[in-house]
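Quick note: the coordinates plus some simple rules give every number you see, no bench work behind them. Computed from a predicted model, the values in this text were never measured in an experiment. Neighbour counts are summed over all protein chains in view; Cβ atoms, including those assigned to glycine, are modelled from backbone coordinates with ideal geometry.
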Amino acid sequence: MTLASTTQLLLWLILLLVAVRPLGFYMHQVFAGEATPLSPLLRPVELTLYRVAGVRPDQEQKWQDYALSFLVYHLPGMLLLYLLSRLQDRLPLNPAGQAAVPPDLALNTAISFATNTSWQSYGGETALSYLTQMARIAVQSFLSAAAGIAVALALIRGFARRGTDTIGNFWVDTTRATLYVLLPICILASLIMAWQGVPQTFSGPIDATTLEGMKQVIPLGPIASQEAIKLLSGDGGGFFNAQSAHPFENPTTITNLLGILLMPLLGAALTNTFGRMVGDERQGWALLATMLLLLLVGAVALQGIEAGGNPLLASAGLNQHMGNMEGKELRFGVSGSTLFSEMGTATSSGAVNAMHDSYLPLGGLVLLGNMMLDEVIIGGPGSGLFGMLLFAIVAVFIAGLMIGRTPEYLGNKIEAREVKLTMLALLAVPSALLLPTALAVVIPAGLTALGNAGPHGFTEVLYAYSSAVNTNGSSFSGLSTNTPFYNLTLALGMAVGRFMVIVPVLALAGSLATRRRVAASHGTLPTTGGLWVGLLLGVIVIVGGLTYLPALALGPVAEHVAMLRGTMF
């Protein structure tokens, strides 16, 4: 760790921790229906939306109705996204004249942004019109993030409530998340980005002539507004193919730091909201401490790996005093690139400001590990929290087995139904990730898209499905995924990774809400101290290691060993 990287990491950590408690308190007020500083302005808008939609804000839902609302909520968005892509050549706000998107790519992209994944098998500035960018990417970033927050709130209510069969109202939760949380932060962030030079315009591309006399087309568009919600929502879909490495998306160190702060902001603050809603803020701090420990270990490891440079180049006598700069922007360097990449993969945002395909093998392993831990390292808005709570249930279950007691968490007995629902949610992700990876590396439709052979090629495929199923959306970029095989299998993985996790989570919330509180006793496992954090960390790392270590050994581990031996595959 250099002085610059240490300073940047500490500054980010201080800013995040300063924001967690007030934002967590604010969200607790919002979702409890209490008055907030924005209520005089936004409350009339909120009530109008309820009247138009026919929603009764005082009428709560059982988990089945909440889950059905969640599923229905996504269908119109996916259909609209698909139609916008297919028909964009006939619609307005298309100054560059982009053609219609092929059916398989349109389906992939529609599912991608509806599921908060933002997987992009295309270049945004060359494939999409302004209308499609705004109505598809930006709007869905708001909607998918709000839905994730709503699911987390439902699970929190399941832990907090006693003897009831309702877990809130999905339509109320998503409306409040959008109006009171996402929009105000994004408006402020958009203004900061526009101040720093990020374009926000409906003007068409600019034709320029370079010093060499060559013609260059410079794309423009409504970028600042999309960039803000892309980072805050965990969606991560970039306006440009180069994503946050592009100077129009991320022009300065200030915008880079802002992006690094926005990505984990809501996921971290929701842990405080969780603590307040269950009546003990220490519960939220324990979960946040677990998340941050995993994140900081990854950030320090990634910085150390990339700052050390490529041993093959070192053996050739090349000077690497700046570290492994392949695929990184000079204006960010190793420290600004690695922290951004760590945040993009740990938070499920998927935003990138460097080429992940160019990271050293162990660097790629860190990025893969961040995604493979089921989004629990901060994660996306809502999804990181309910992912961590699933592991908390596994941890208390294991502790109960060790001491011969019925598992308890937050005064709730964890019985067979809760454990089964938890395992169903946790097993959906590795199943949807590893099975198509195995298929892709043995059939021609998968192999023909590889940019590299050997372990690195395997890592490219493994990374693609890890990113899709864990709703991350970042890419190694050495794999040509814009083919019918990859578009359709990745779309299926995104759908499984979102819906097959969330529906069991909502069933779990409904089951917990009906329980009666169990009084704490001398045999109750404390879930607020260092012992609990250590147990939770151990369960996450061991479960992740047992699940994915064989696949990682075939990819980045084998590539690292080969690199040390000086051999190429």
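Figures for the structure shown
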{"quantity": "Efficiency of FRET between SER203 and ILE542 - r from beta-carbon atoms, R0 41 angstrom, step 0.05", "calculated": "0.15"}
{"quantity": "At R0 = 30 Å, FRET efficiency that the Cβ-Cβ distance of THR524 and ALA438 yields, to 0.05", "calculated": "0.10"}
{"quantity": "Rg in Å to one decimal, and Dmax rounded to a whole Å, for segment 381-565 via C-alpha atoms", "calculated": "19.5, 61"}
{"quantity": "Per-selection Rg to Rh, the chain - Cα, Kirkwood hydrodynamic radius", "calculated": "0.96"}
{"quantity": "Burial ranking of peptide ranges 505-518, 373-386 (average Cβ count within 10 Å, highest at the top)", "calculated": "373-386, 505-518"}
{"quantity": "Span-rule helices in the chain, defined as complete DSSP H runs reaching 24 Å or more along the axis (Cα) with Kyte mean at least 1.6", "calculated": "139-160, 383-403, 530-552"}
{"quantity": "Label zone at THR252 (point 7 Å along Cα-to-Cβ), backbone N below 13 Å, segment 187-216", "calculated": "191-199"}
{"quantity": "Helix-only CD estimate at 222 nm, as mean residue ellipticity for the chain, using -39500 (n - 2.57) per DSSP H run (n ≥ 4)", "calculated": "-20500 deg cm²/dmol"}
{"quantity": "Stretchable slack from THR7 to LEU68, in nm (0.36 nm times residue separation minus alpha-carbon distance)", "calculated": "17.3 nm"}
{"quantity": "Debye, to nearest 20: dipole size of segment 381-565, +1 on Lys, Arg Cβ, -1 on Asp, Glu Cβ", "calculated": "580"}
{"quantity": "Potential extension, GLU34-VAL297 segment - 0.36 nm per residue separation minus Cα distance", "calculated": "90.9 nm"}
{"quantity": "Label zone at ILE218, where the point sits 7 Å out along the Cα-to-Cβ direction: segment 179-199 residues whose backbone N lies under 18 Å", "calculated": "194-199"}
{"quantity": "Amide hydrogen neighbours beyond the local backbone of TYR409, cut-off 5 Å, H modeled", "calculated": "ILE414"}
{"quantity": "Global geometry of segment 463-540, whether rounded, prolate or oblate, following the gyration tensor of its Cα atoms and the 1.5 cut on a/c", "calculated": "oblate"}
{"quantity": "Whole-number percent relative contact order across the chain, with pairs defined as alpha carbons under 8 Å at least 6 apart", "calculated": "19"}
{"quantity": "Mean Cβ count within 10 Å, highest first, over the residues of peptides 177-189, 257-269", "calculated": "257-269, 177-189"}
{"quantity": "Eligible lysines near LYS420 by straight Cα distance, threshold 21 Å, same-chain separation 8 or greater", "calculated": "LYS62"}
{"quantity": "Label-point separation in nm, ARG282 to LEU318, each point 7 Å along Cα→Cβ", "calculated": "5.4"}
{"quantity": "Using a Förster distance of 51 Å, the FRET efficiency for LEU75-GLU326 (Cβ separation, nearest 0.05)", "calculated": "0.75"}
{"quantity": "Amide H within-cut-off set for GLN196, under 5 Å, with H built and near neighbours excluded", "calculated": "none"}
